[in-house]
Amino acid sequence: MKLALIHPQIIRGSGVENFLIEFAKRLTTAGHEITYITSLTTPEIGAALPGKWEVLPRLRGSATTRMWHFNRLAPRAAMMAGVDLSIGFGRTCVQDIHRNGTGCHRLYGNLLPLWQRYSVKHLYELYLERRLCAGRETPKFVTSSARVAAQLQGVYGTDGERFRILTPPVETQLFRPAENRANTREIFCRKLQTDAAKPVLMFVSVSHRRRGLEPLLEAMAQIDATLWIVGKNLSPALNDRIKRLGIGARIRVVPVTSHLVELYQSADWFVHPTQYDAFSDTVLQSMACGLPGLVSVMDGAVDHVRNGENGLMLYHPQQPRELAARIQEALAFDAPTWQRLSDAARETVLSLTWDRHLEEWAGVMGE
C-alpha cells in the first residue's frame with residue numbers, strides 16, 4: 001500500500017515523533033511504500049527512513065503561522081503524491097486517518113497558566129482540534145486509549161464509530177525485569193547515593209507541572225522513602241519547595257540516560273500522578289520491567305491498570321494528602337504481594353508487541 005505520513009516535523013523529539021519514526025520503519029519492512037510530508041527533518045532521519053520525502057516550505061515567524069501554513073499545504077501534497085491512504089500525526093485537519101497521540105487539547109489546556117491558555121497559539125490549536133473532530137474532512141481517528149476517544153466525543157460530539165483504539169506497543173525485550181534485581185538495585189542505589197534499606201519511588205517526566213511533581217513533593221514530606229526524579233532538571237521554584245519541605249536528603253534528580261531500564265528495575269514503585277496525559281509510554285515501560293505503579297486516572301494508560309492486581313490507581317493525584325496515603329498503602333505491602341503485582345504488571349503488557357500493533361493498523365487501513 002502507498003501511504004503518506006504527515007507531520008510538521010519528523011525529528012527525534014516527542015513521543016509522537018519517536019513513534020512515527022519507528023512506525024515508518026516497520027511499515028517499510030512490511031512492504032508499504034511511504035511518502036513523508038513534513039516541513040522539518042534532519043539528514044540522519046532522512047537517511048534512516050526509506051521512501052519519498054515532500055519537504056514543504058517552512059515559514060519564518062510564529063509557531064501559529066507555521067501551523068496554519070502546514071495545515072494548508074499538507075493535504076494538497078498528499079493528494080499530489082498519489083497515495084492510497086494518508087495518516088496525520090499532528091495538527092492537520094484533512095487526512096484519511098488521524099492518529100491522536102496527544103489527547104484532548106481542550107482538556108489539557110485547562111492546566112496551562114492563564115498567559116498560555118489565552119495565547120494566539122493555544123487558541124489556534126483549539127480551532128484546529130475543533131475543526132478536526134467536529135468536521136467530516138477526516139473520516140477515521142486512531143487513539144491510544146478509550147479514555148481519550150471518550151473525551152473527544154464528549155467535547156466535540158464526534159461520532160464514536162469514527163474511532164479505533166490501538167494501544168501503543170512496548171519493547172518487552174528491552175524493558176524487562178532484572179535477572180538479579182537485588183544486585184541491580186544495590187548498584188544503582190549506590191550510584192545515586194540512596195539508602196538501599198528504604199523504599200525507592202520513581203517519577204519520570206519532562207513536564208513536571210503537568211505530571212504532578214508538586215503534589216508529589218508535598219506528599220513526600222509524609223513518606224519515609226527516596227524519590228528518584230528522572231527527566232529534566234528542577235526549576236528554582238521546585239528546589240525551593242524541596243528545601244522548605246525539608247526532604248532534600250531523600251530526593252535524587254537523574255537525567256534521562258541509557259540507564260532508564262536499570263532505574264525501572266531498581267525502584268520499588270513507579271509513581272505517576274499526572275494531571276493529564278493521552279497515554280504515557282513510561283507506564284507500559286515500567287510495567288514491562290516488573291515495576292508496579294501508582295498511576296493517575298487522568299492518563300489513558302490507566303486502561304491497562306487493574307487496581308490491586310497489577311498496580312494501584314490514583315483517583316485524586318493533585319491532592320497531596322490522598323497521594324501520600326496511597327503511597328503509604330503501597331509501601332505497606334509485603335514482599336509476596338509486591339511480587340504478585342510485579343509479575344502481573346509484566347504479564348499485562350507482554351502481548352503489546354509491534355507485530356500485533358501493525359496487524360491492528362492493517363485492519364484499520366483495510367476498512
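The values are calculated or read from the model by the stated rules, or taken from the named source; none is laboratory data. Not measured: the values here are computed from a predicted model. Note that we place each Cβ from the backbone using ideal geometry, even for glycine, and neighbour counts take in every protein chain shown. All accessible areas refer to the heavy atoms of the entire protein, side chains included, with ligands and DNA or RNA removed. Shrake-Rupley method; radii C 1.70, N 1.55, O 1.52, S 1.80 Å.
Within segment 234-286, take every residue that is among the polar types (S, T, N, Q) and assigned to a loop (DSSP other than H, G, I, E, B) and give me the one that is farthest from Ala335 (Cα to Cα).
Of segment 234-286, the ones among the polar types (S, T, N, Q) are 235, 239, 257-258, 265-266, 274-275, 280, 282, 285-286.
Subsequent filtering for residues that are assigned to a loop (DSSP other than H, G, I, E, B) retains 235, 257-258, 274-275, 280.
On the way: Ser235: 36, Thr257: 29, Ser258: 28, Thr274: 27, Gln275: 30, Ser280: 27 Å.
The extreme case among them is Ser235.
Within segment 154-169, which residues are in contact with a helix residue (DSSP H, G or I) (Cβ under 6 Å, 6 or more places away or on another chain) and either in contact (Cβ under 8 Å) with a residue 60 or more places away in the chain or open to solvent by 60 Å² or more (accessible area, probe 1.4 Å) (or both)?
Taking segment 154-169 and keeping what is in contact with a helix residue (DSSP H, G or I) (Cβ under 6 Å, 6 or more places away or on another chain), we get 155-156, 158, 160, 163-166, 169.
Within segment 154-169, Arg164, Ile165, Leu166, Pro169 qualify.
Looking at (1) touching a His at 6+ places or on another chain (Cβ under 8 Å); (2) over 19 Å from Gln319 (Cα atoms); (3) hydrophobic (A, V, I, L, M, F, W, C), find the lone condition where Phe203 falls short.
Phe203 satisfies all of (1) touching a His at 6+ places or on another chain (Cβ under 8 Å); (2) over 19 Å from Gln319 (Cα atoms); (3) hydrophobic (A, V, I, L, M, F, W, C) except (2).
Looking only at residues that are without any contact (Cβ under 8 Å) to a residue 12 or more places away in the chain and of a type in the set (Lys, Arg) in segment 49-97, which one is most open to solvent (accessible area, probe 1.4 Å)?
Checked segment 49-97; the qualifying residue most open to solvent (accessible area, probe 1.4 Å) is Arg60.
Among strands (runs of 3 or more DSSP E) lying entirely in segment 30-91, which contain 2 or more residues that are over 27 Å from Glu359 (Cβ atoms) and at pLDDT below 95?
On the way: elements: 33-38, 52-55, 85-88.
Correct list: empty, since no element meets the threshold.
Identify, by number, the condition in (1) crowded, with 21+ Cβ neighbours inside 10 Å; (2) touching a residue at least 24 places away in the same chain (Cβ under 8 Å) that Val283 doesn't meet.
(2)
If we keep just the residues of segment 170-188 that are among the acidic types (Asp, Glu) and assigned to a loop (DSSP other than H, G, I, E, B), which is surrounded by the most Cβ atoms within 10 Å (Cβ to Cβ)? Steps first, please.
Filtering segment 170-188 down to residues among the acidic types (Asp, Glu) leaves 171, 179, 186.
Remaining after also requiring assigned to a loop (DSSP other than H, G, I, E, B): 171, 179.
Numbers: Glu171: 16, Glu179: 8.
Out of the qualifying residues, it is Glu171.
Among the residues of segment 139-169, which ones are part of a helix (DSSP H, G or I), over 19 Å from the mean Cα position of the chain (by Cα) and either closer than 19 Å to Gly363 by Cβ or of a type in the set (Gly, Ala, Ser) (or both)?
Here is the first cut: in segment 139-169, the ones part of a helix (DSSP H, G or I) are 146-156, 160-162.
Retained after the next criterion (residues that are over 19 Å from the mean Cα position of the chain (by Cα)): 153-156, 160-162.
Correct list: Gly154, Gly160, Glu161, Arg162.
Scan Pro292, Pro215 and give me the residue that is open to solvent by less than 10 Å² (accessible area, probe 1.4 Å) and either of a type in the set (Phe, Trp, Tyr) or touching a residue at least 40 places away in the same chain (Cβ under 8 Å) (or both).
Numbers: Pro215 fails: open to solvent by less than 10 Å² (accessible area, probe 1.4 Å).
So the residue among Pro292, Pro215 that is open to solvent by less than 10 Å² (accessible area, probe 1.4 Å) and either of a type in the set (Phe, Trp, Tyr) or touching a residue at least 40 places away in the same chain (Cβ under 8 Å) (or both) is Pro292.
If I filter segment 252-265 for residues that are free of Cβ contacts under 8 Å to residues at least 12 places away in the same chain and surrounded by fewer than 24 Cβ atoms within 10 Å (Cβ to Cβ), do I get at least one hit? Give the steps one after another, and end with the answer.
The initial filter retains those residues of segment 252-265 that are free of Cβ contacts under 8 Å to residues at least 12 places away in the same chain, namely 257-258.
So of that shortlist, the ones also surrounded by fewer than 24 Cβ atoms within 10 Å (Cβ to Cβ) come out as 257-258.
The answer is yes, given that some residue of segment 252-265 is free of Cβ contacts under 8 Å to residues at least 12 places away in the same chain and surrounded by fewer than 24 Cβ atoms within 10 Å (Cβ to Cβ).
Across segment 137-150, what is the number of residues that are open to solvent by 30 Å² or more (accessible area, probe 1.4 Å), modelled with pLDDT of 95 or more and of a type outside the set (A, V, I, L, M, F, W, C)? Don't jump to the end; show me each part of the working.
Our first condition is that a residue be open to solvent by 30 Å² or more (accessible area, probe 1.4 Å); within segment 137-150, this holds for 137, 139-140, 146-147, 150.
Next, from what is left, pick out any that are modelled with pLDDT of 95 or more: 137, 139-140, 150.
Subset that is of a type outside the set (A, V, I, L, M, F, W, C): 137, 139-140.
Qualifying residue count for the region: 3.
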